[in-house]
Amino acid sequence: MRKVALGLSLSLALLLASASLGQHATEPHFADVPPCHWAAEAVSHVAGQGIFIGFPPDHSYLSVNALRQVFEGLRCADPGWSLRFLEGAPVGFGEPPAPRLTGFELTSELLKLTPEQARIAFSVTLVLDEPDLRRIETRHGEALVRRDGVGWRVSYASLAGLEPTLFPPGSGAAAKGLPVLAAIFKGE
């Protein structure tokens, strides 16, 4: 009887301790769960409780995921999420009057991967809603993705002009578009 009481007391103490630690835990960042995902709140809550921490993905997954999350942010109407995965985006990126991206399907092939950068060939089918029109368009491109101190980021220059209303060409490197890739990946 004493062992059962001790076991119950210990279990209750551990449960209370984990609950109080979970309340003060910072919410982890999962780079593959956009804020508008149907389970984003639950994933954040359960991870904040220390029930799971995710898994350590490799560079090939993270580089392709950065490209996916640029589109996820636009689909969520959350350009701030997209900007977490973009480098060199112009001021005002993602603000109206761009059409609303309501869906997309992305297929990709990793062409080259180093510890610091990746080149990804991709095809994306976009569902774009405008006030009186829904467009479904497929685009093909190559994205340059670089790793910095925070994570993997897609070069805006490699997306500029892909879908001009979503990724309008800017000035400088962004206006030059894909030829920038050749200068970065020398020897190909």
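The values are calculated or read from the model by the stated rules, or taken from the named source; none is laboratory data. Fair warning: this is a prediction, and the values are worked out from it, not measured in the lab. So basically every Cβ, Gly included, is an ideal-geometry build from the backbone, and we count neighbours across all protein chains shown.
Worth a mention:
One line per residue, one yes/no per condition, for (1) at pLDDT 90 or above; (2) surrounded by 14 or more Cβ atoms within 10 Å (Cβ to Cβ); (3) more than 16 Å from the chain's Cα centre (by Cα):
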{"position": "Leu74", "(1), (2), (3)": "yes, yes, no"}
{"position": "Glu105", "(1), (2), (3)": "yes, no, no"}
{"position": "Glu109", "(1), (2), (3)": "yes, no, yes"}
{"position": "Val124", "(1), (2), (3)": "yes, yes, no"}
{"position": "Val127", "(1), (2), (3)": "yes, yes, yes"}
{"position": "Glu130", "(1), (2), (3)": "no, no, yes"}
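- Residues within the stretch 140-174 that are charged (D, E, K, R) and under 16 Å from Glu72 (Cα atoms), tallied: 2
- Looking at Asp58, Asp78, just one residue is among the acidic types (Asp, Glu) and at pLDDT 90 or above, and that residue is Asp78.
- Hits in the stretch 114-144 - residues which are hydrophobic (A, V, I, L, M, F, W, C) and more than 19 Å from Tyr156 (Cα to Cα): Val127, Leu128, Leu133, Ile136
- The one condition in (1) surrounded by 14 or more Cβ atoms within 10 Å (Cβ to Cβ); (2) in a helix (DSSP H, G or I) that Ser60 fails to fulfil: (1)
- Selection status of Val180, at pLDDT below 90 and among the β-branched types (Val, Ile, Thr): yes
- Against the criterion of being in contact (Cβ under 8 Å) with a residue 60 or more places away in the chain and assigned to a loop (DSSP other than H, G, I, E, B), Ala77 does not qualify.
- Taking the criterion of being over 14 Å from Trp152 (Cβ atoms), aliphatic (A, V, I, L, M) and either in contact (Cβ under 8 Å) with a residue 12 or more places away in the chain or not in a loop (DSSP other than H, G, I, E, B) (or both), the residues of the stretch 80-108 that qualify are Ala89, Ala98, Leu101, Leu106.
- Scan of the stretch 113-139 for residues that are part of a strand (DSSP E or B) and more than 19 Å from Phe85 (Cα to Cα), ordered by number: Thr125, Val127, Leu128, Asp129, Glu130, Leu133, Arg134, Arg135, Ile136, Glu137, Thr138, Arg139
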